[in-house]
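The structure appears right after this line, and notes come after that.
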Amino acid sequence: MARIGVFICWCGENISRTVDVVKVAEAMAGVPGVVTSVEYKYMCSDPGQKIMKESIKNDALDGVVVALCSPLMHEKTFRTAAEEAGLNPFLLEVANIREHCSWVHENKEEATKKAIAITRSTVERVRYNLQLKNITVPITARAMVVGGGIAGIQAALDIANGGHEVVLVERTPSIGGHMAGLSETFPTLDCSQCILTPRMVEVARHPKIKLYSYAEVESVSGFVGNFEVKIRKKARSVDTSSCTGCGICQEKCPQKNIASEFEEGLGKRKAIYVPFPQAVPNKPVIDRKHCLYFTKGKCKICEKVCGPKAIRYEQEDEIVEERIGAIVLATGYETLPATFFPEYGGGRYPDVITGLQFERLASASGPTSGELKRPSDGRRPETVVFLSCAGSRDLAKGISYCSKICCMYVAKHAMLYQHKVHGGKAYVFYMDVRASGKNYDEFVRRAIEQDKAIYVRGRVARVYEKEIEGVKKLVVKGADTLLGEQVEIVADMVVLASAVKPSVGAAALAQKVGTPYDQHHFYSEAHPKLRPVESNTAGIFLAGAAQAPKDIPESVADASAAASKVQILFSRKEMERDPYVSMVNSDRCFGCFSCEAVCPYRAISRKEIKNRSGEVLKVVAEVNAGLCQGCGGCIAICRAKACDLAGYTDQQIFSAIRGFNTTSTYEEEVVKK
Amino acid sequence: MSMNMNMKFEPKIMAFVCQWCTYTGADLAGTSRMQYSPYVKIIKLPCTGRIDVQFIVKAFEEGADGVIVSGCHPGDCHYTSGNYYARRRFEMFHELMSFVGVDMRRIQFAWVSAAEGRKWAELVNEVSKRVEELGPFNVFHALREQANELNP
């Protein structure tokens with residue numbers, strides 16, 4: 001027979017005004033198995049808790065129901081108190097008779113009946129509560145950061161400076177990301193590379209950071225604190241330890257007309273190349289798709305000219321394994337290519353370029369050494385039209401969101417243009433100008449007022465080419481919605497502020513890691529306001545534009561926040577968490593693995609059951625308590641009733657259901673008395 | 001179900017709700033002191049995806065006259081997809097119950113977020129009123145008696 005204690009709170013007048021707590025206590029005293037049932041003015045106060053604690057000891061209780069406010073309020077308080085009195089804290093349940101009863105009903109008789117029903121149901125439930133223990137998980141204090149852009153760099157540096165080892169995985173041959181290619185940054189107009197490259201060097205030199213460039217995450221298994229990560233180091237065809245980075249191979253390589261990714265296609269590179277002069281690591285890589293030796297079987301010039309003999313044609317991809325405790329996803333963004341906008345002549349006219357291409361044209365390290373020239377004929381553009389919201393907030397392009405950074409960089413572009421081409425005309429077509437941020441609006445005002453950018457509110461319908469006096473110009477036709485008239489601008493260059501979207505492969509990586517993403521493939525945060533840099537998967541954190549379009553300061557702030565979250569996790573050797581996890585009865589399980597299919601956390605694995613001679617008798621589901629978050633999806637789907645959820649077992653729920661209704665006449669009798 | 005004939009019919013409605021959205025939404029209705037019908041009683045679950053349709057059958061078997069299932073809005077599930085499974089499961093269950101002849105007005109599926117205290121109060125009032133009009137679920141309760149007779 002159970003020995004249950006029921007403790008009912010008046011909550012001053014909050015409960016007692018509409019619920020007759022004395023009657024609730026009387027009613028519960030008559031329930032089989034209830035050995036004590038008392039009410040008190042303030043149960044949560046020290047004397048109130050003392051009543052419960054003493055009763056736990058004196059009445060040898062094996063179950064406790066406290067009927068008071070919402071469990072979100074005081075469940076923890078009372079469970080801690082119960083534990084102090086020697087009772088397993090999970091044998092205590094809260095009956096919510098304030099938020100769900102006294103505060104929402106005025107009729108005292110009805111409210112009392114409902115309070116009795118709620119408390120009774122909780123008593124029935126608590127009969128089947130199991131003694132549970134918080135789960136402790138050991139933590140490997142090593143982090144992996146995926147993505148070597150500014151967010152990844154910042155996160156890696158912060159974690160490493162905190163004293164923990166970091167593995168930084170970057171897909172391209174160098175870290176730096178988009179920021180390395182930007183000209184100047186808003187709202188200060190300081191040179192992007194000048195602020196970024198010292199940090200890149202710091203990463204390379206940091207004793208706690210292990211950098212895998214030209215590498216990708218192959219697979220991730222395990223759970224928070226205990227991830228097993230496989231990383232594919234793509235074949236560089238260069239032995240980075242003996243290569244000195246002298247650059248002679250790059251100089252002598254005969255394959256020279258390959259569009260450079262770093263230059264956004266506006267410049268050329270060789271088949272063996274370092275993406276940009278300040279690359280980290282500053283070691284070349286052979287692009288096997290274009291290398292003459294790999295495509296035609298001859299050449300080998302780089303091998304011949306290489307002093308330290310670092311060329312390795314036979315090198316293969318290598319898989320390395322790392323044990324990791326936390327992962328920061330900082331995979332960044334890309335923008336829609338110009339070819340995505342046929343209505344603006346993108347892909348057809350070389351002088352219709354994207355914002356990122358304009359960055360390269362305006363950059364001192366770019367293909368034109370910072371001089372603004374048209375890609376088609378090298379002429380100085382006398383008139384440039386900037387189109388903001390190219391693709392953003394445009395359902396026809398499948399993008400509902402605002403890309404956030406464009407308003408600012410368009411203003412910056414207009415400014416830079418004016419600084420480089422004096423007397424030139426910069427038109428900006430915009431929907432609205434969204435410049436919220438420290439010194440941002442002032443920056444846009446400066447572009448308009450000082451640098452005379454002409455802002456036209458409206459959209460552009462189309463862009464077409466027209467030859468005027470032997471020069472190919474671009475005619476931009478659009479509407480000025482403020483004046484309510486059509487406008488036509490003859491321009492030399494059109495710059496599309498094309499929409500920001502997550503990097504290619506962001507979703508594939510999320511699937512490997514087991515973390516959710518939205519319909520646009522941006523990674524989903526655990527809570528949009530309170531947990532912005534955590535994912536819903538324990539131990540996976542987010543930084544930068546992989547989560548939503550973000551500018552540099554936001555990405556850096558994110559990265560530091562994620563790094564701080566990682567360090568909170570690493571501050572303990574073990575992690576404690578709720579014991580509400582699924583359990584599998586392997587006798588009942590027949591291995592349909594429906595649970596495996598519904599589990600959003602990949603917490604279900606397959607376990608072989610063998611006989612003594614080692615033959616496999618059957619394969620059953622097994623729950624990894626470290627991964628399981630206790631949603632209970634596997635239980636509802638289980639046909640064999642082999643799964644159950646600790647803390648919310650079928651038996652507890654069925655008993656609670658019964659508890660509501662066995663009181664059908666009972667409550668009435670008590671209330672009438 | 002024994003019911004005093006001169007008494008007003010007080011429907012018993014059981015609500016299976018998830019702890020993240022609807023339970024917290026009901027808490028909000030409480031802290032906002034919204035008054036609503038007292039006939040709905042809540043059973044808290046981690047997620048609507050945890051809801052086995054047997055819970056609903058059990059509720060009726062134990063004397064409920066109506067049932068509410070409510071969780072997070074689509075896309076808001078704390079566990080990313082539990083509410084979608086609940087919705088699909090509920091669709092199938094709906095078909096089955098209609099086939100058996102249960103008046104589906106007794107079962108209500110809803111999305112109530114943690115911010116929708118008002119919506120919770122309205123939902124409770126609406127379902128209470130409807131079930132009150134439908135009267136006690138005697139058909140189902142009689143089934144139990146029949147079953148007991150068949151398997152004494």
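See the values below:
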item	result
Some residue of segment A:628-639 being without any contact (Cβ under 8 Å) to a residue 12 or more places away in the chain and either in a strand (DSSP E or B) or not assigned by TED's automatic domain parsing to the domain that holds residue A:220 (or both)	yes
From the options A:229, A:220, residue that is surrounded by 21 or more Cβ atoms within 10 Å (Cβ to Cβ), assigned to a strand (DSSP E or B) and in contact with a Lys or Arg (Cβ under 6 Å, 6 or more places away or on another chain)	A:220
Those residues of segment B:127-147 which are under 11 Å from residue B:106 (Cα atoms), of a type in the set (Asp, Glu) and surrounded by fewer than 16 Cβ atoms within 10 Å (Cβ to Cβ), in sequence order	B:133
Qualifying residue in segment B:47-65 (condition: at the interface with chain A (Cβ under 8 Å from one of its Cβ atoms), buried (at least 22 other Cβ atoms within 10 Å of the Cβ) and among the β-branched types (Val, Ile, Thr))	yes
Of the criteria (1) of a type outside the set (Ser, Thr, Tyr); (2) closer than 30 Å to residue A:216 by Cα; (3) crowded, with 24+ Cβ neighbours inside 10 Å, which one residue A:385 fails	(2)
Odd one out for residue A:537, checked against (1) crowded, with 21+ Cβ neighbours inside 10 Å; (2) assigned to a strand (DSSP E or B)	(2)
Residue within segment B:104-111 that is over 22 Å from residue B:50 (Cβ atoms) and touching a residue at least 12 places away in the same chain (Cβ under 8 Å) present	yes
Of the criteria (1) under 16 Å from residue A:276 (Cβ atoms); (2) out of contact with any helix residue (DSSP H, G or I) (no Cβ under 8 Å at 6 or more places or on another chain); (3) modelled with pLDDT of 95 or more, which one residue A:194 fails	(3)
Strands (runs of 3 or more DSSP E) (entirely within segment A:24-115) containing at least 1 residues that are within 11 Å of chain B (Cβ to nearest Cβ)	A:92-96
Which listed residue, of A:506, A:499, is touching a residue at least 12 places away in the same chain (Cβ under 8 Å) and under 14 Å from the mean Cα position of the chain (by Cα)	A:506
Filter pass, residue A:566 being within 34 Å of the chain's Cα centre (by Cα) and closer than 30 Å to residue A:166 by Cα	yes
Condition check for residue A:39: free of Cβ contacts under 8 Å to residues at least 60 places away in the same chain and either over 20 Å from residue A:648 (Cβ atoms) or of a type in the set (Phe, Trp, Tyr) (or both)	yes
Selection status of residue B:133, more than 30 Å from residue A:599 (Cβ to Cβ) and without any contact (Cβ under 8 Å) to a residue 24 or more places away in the chain	yes
Failed item in (1) without any contact (Cβ under 8 Å) to a residue 60 or more places away in the chain; (2) in a loop (DSSP other than H, G, I, E, B); (3) surrounded by fewer than 18 Cβ atoms within 10 Å (Cβ to Cβ), with residue B:92 passing the rest	(2)
Residue list for segment A:613-627, filter: of a type outside the set (S, T, N, Q) and assigned to a loop (DSSP other than H, G, I, E, B)	A:614, A:615, A:625, A:626, A:627
Qualifying residue in segment A:296-316 (condition: closer than 20 Å to residue A:177 by Cα and surrounded by 18 or more Cβ atoms within 10 Å (Cβ to Cβ))	no
Tally of residues being surrounded by fewer than 20 Cβ atoms within 10 Å (Cβ to Cβ) and closer than 29 Å to residue B:120 by Cα across segment A:75-101	3
Test: residue in segment A:20-29 that is in the same structural domain as residue A:99 (by TED's automatic domain parsing), among the acidic types (Asp, Glu) and touching a residue at least 12 places away in the same chain (Cβ under 8 Å)	yes
Residue tally, condition closer than 20 Å to residue A:109 by Cα and at the interface with another protein chain (Cβ under 7 Å from one of its Cβ atoms), over segment B:15-44	8
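The values are calculated or read from the model by the stated rules, or taken from the named source; none is laboratory data. Everything numeric here is computed off the predicted structure, so don't read it as measured data. Positions of Cβ are backbone-derived with ideal geometry, glycine not excepted, and every protein chain shown enters the neighbour counts.
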